Amino acid sequence: MSDHVYVFDTTLRDGEQSPGASLRPDQKLEIAHQLAKLGVDVIEAGFPVSSPGDFEAVQQIAREVEGPMITALARAVREDIDSVWEAVRDAARPLIHVGLSVSDIHIERKLRSNRVAVLQQGVDAVKYARSLCDHVQYSPEDAGRAERDYLYETLEGVIDAGASVVNIPDTTGYNLPHEFGALIASVRENVRGVDRALISVHCHNDLGLATASSIAALINGARRVECTVNGIGERAGNASLEEVVMILSTRQATLGFETDIVTRFLAETSAMVARHTGIAVQLNKAIVGGNAFAHASGIHQDGILKDKLNYEIIRPEDVGMGESRIVLSPRSGRHAFRFRMAELGYHLPEEAFARAWDEFLALADQKKEITDRDLATIVASVSAA
């Protein structure tokens with residue numbers, strides 16, 4: 001199998017579904033250009049049938065953004081498919097994405113239908129989409145909780161109908177990573193004609209497992225990952241693009257996978273999405289969080305100052321996060337204190353340094369973080385003594 005992993009970004013569709021994250025068409029276009037710069041393979045630009053504004057945004061992205069394949073989501077009905085096609089048809093490489101439930105829970109309780117009717121609806125939708133567009137993706141929603149044989153039958157039906165991509169979603173984030181990996185392996189083993197379609201995955205983060213499940217899927221034969229910048233999306237969000245990409249990059253020797261993502265643009269992409277959606281990145285967020293490369297423990301600071309490899313497995317500059325930060329706090333040690341003082345140009349005699357250290361400890365017990373201004377005050381105090 002190929003070792004290339006395709007990155008399908010759904011920040012502008014599933015990510016925008018985060019409560020309060022609605023984007024204007026001009027904001028969606030700016031983010032789409034940034035995603036193209038980042039190197040994603042597919043941009044899912046929205047859900048065109050949902051509103052005139054979203055249709056306009058998807059159409060503008062299809063017409064103006066070069067590089068990635070451009071797609072949008074349609075339910076398995078002609079009105080939706082027509083709306084997607086009209087929105088994306090001017091893209092250099094358009095894709096129609098069709099989704100319909102496959103689990104018994106959804107079929108019975110959401111669709112109020114039955115397996116036979118739903119399978120036929122999905123097949124008919126793919127045939128119709130394929131009559132319009134050369135590239136069609138089908139997503140059997142809630143595949144992670146579906147009965148296996150019915151899922152296989154559904155996938156065989158839509159592949160025969162012309163789907164070039166089958167996307168396996170863990171819609172509720174229910175599967176454990178090893179279970180989801182096994183599901184992908186079973187699809188490869190049991191679905192007739194699966195070699196005619198690319199296997200994609202779309203994992204939600206309800207149990208905090210979306211990134212891990214996505215990696216497990218790749219190990220078991222998927223070759224495309226649907227994800228969002230900063231992991232935003234419905235409820236607890238989606239697999240985080242920056243996490244998936246940097247796992248594949250950092251552990252490339254073990255996993256053997258490659259992407260076309262230009263990782264040094266990850267931080268600026270994260271910041272743009274946070275700014276436009278109004279959803280702040282949590283400080284301890286992996287890869288792009290404000291504390292991802294900050295060190296406050298004295299033991300860690302000592303190790304970092306001796307060799308960054310002691311505590312950093314990713315270079316911050318590789319993801320556009322600048323340099324590591326030594327944060328002076330009550331847990332900092334003398335080594336970090338001396339280092340920061342020297343960075344600021346303060347070189348005190350040993351006796352004055354000892355007094356400065358004592359003043360630092362006293363102040364650090366009262367404050368969460370010591371600023372450069374605090375250090376200047378300490379130096380002035382011990383110098384005047």
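Using a Förster distance of 51 angstrom, determine the FRET efficiency expected from the C-beta separation of residue 381 and residue 207, and round it to 0.05.
Plugging the Cβ-Cβ distance into 1/(1 + (r/R0)^6) gives 0.50.
Of 297, 68, 55, which is farthest on the positive side of the dipole of the chain, counting Cα position, with +1 on Lys and Arg Cβ, -1 on Asp and Glu Cβ, and the Cα centre as origin?
297
If R0 is 22 Å, what FRET efficiency do you get for residue 373 and residue 352 from their C-beta distance, rounded to 0.05?
Calculated value: 0.70.
Could you tell me which residue out of 255, 46, 27 lies farthest along the dipole of the chain toward its positive end? Charges go on the beta carbon: Lys and Arg +1, Asp and Glu -1, centred on the Cα centre.
255
Using only C-alpha positions, report the orientation-averaged shadow area of the convex hull of region 1-124, nm², one decimal.
Result: 9.2 nm².
Compute log10 of I(q)/I(0) for the chain with the Debye formula, placing one identical point scatterer on every Cα and leaving out solvent, at q = 0.08, 0.11 Å⁻¹, to two decimals.
The Cα Debye sum returns log10 ratios of -0.49, -0.78.
What does the net charge come to around residue 241 if you take all other residues with beta carbon closer than 11 Å to its beta carbon, with K and R at +1 and D and E at -1?
On the way: positive: none; negative: 9, 226, 242, 243.
My count for the surroundings of residue 241 gives -4.
Near residue 367, which lysines are there with a Cα under 29 Å away, not counting those fewer than 8 places off in the same chain?
Within reach: 285, 306, 308.
Under 10 Å, Cα contacts only: if you run a Gaussian network model on the chain, which one of 19, 349, 316 comes out with the highest mean-square fluctuation?
349
Tell me the Rg and the Dmax, in Å, that the Cα atoms of region 188-299 produce.
In Å, with Rg to one decimal and Dmax whole: 15.7, 58.
Hey, with R₀ at 25 Å, roughly what FRET efficiency would residue 255 and residue 195 work out to, going by the Cβ-Cβ distance, to 0.05?
On the way: r = 22 Å, r/R0 = 0.87.
So the FRET efficiency works out to roughly 0.70.
Which value, in debye to the nearest 20, gives the size of the charge dipole of the chain about its Cα centre, when Lys and Arg are +1 and Asp and Glu are -1 at the Cβ?
340
Rounded to the nearest 500, what is the chain's calculated 222 nm mean residue ellipticity when only DSSP H runs of at least 4 contribute -39500 (n - 2.57) each, over all residues?
After summing the helix terms and dividing by the residues of the chain, the value is -13500 deg cm²/dmol.
Would you mind counting up the charge near residue 293? Only other residues with Cβ under 10 Å from its Cβ, with Lys and Arg at +1 and Asp and Glu at -1. Could you put the intermediate results ahead of the total?
Working: positive: 308, 315, 325; negative: 312, 317, 323.
After counting each charged neighbour, the total is 0.
On average, how much accessible surface per residue is there in the chain, in Å², for a 1.4 Å probe, leaving out ligands, DNA and RNA?
On the way: 17060 Å² over 385 residues.
Ligands and nucleic acids excluded, the result is 44 Å² per residue.
First compute the accessible area of the chain with a 1.4 Å probe, then give the percent of it belonging to carbon and sulfur atoms.
Solvent-exposed carbon and sulfur of the chain make up 49 percent of the total.
The values are calculated or read from the model by the stated rules, or taken from the named source; none is laboratory data. Keep in mind the model is a prediction, meaning the values are calculated, not measured. We place every Cβ from the backbone using ideal geometry, glycine too, and count neighbours over all the protein chains shown. Accessible surface is based on the protein model in full, side chains and every heavy atom, while ligands, DNA and RNA are left aside. Shrake-Rupley method; radii C 1.70, N 1.55, O 1.52, S 1.80 Å.
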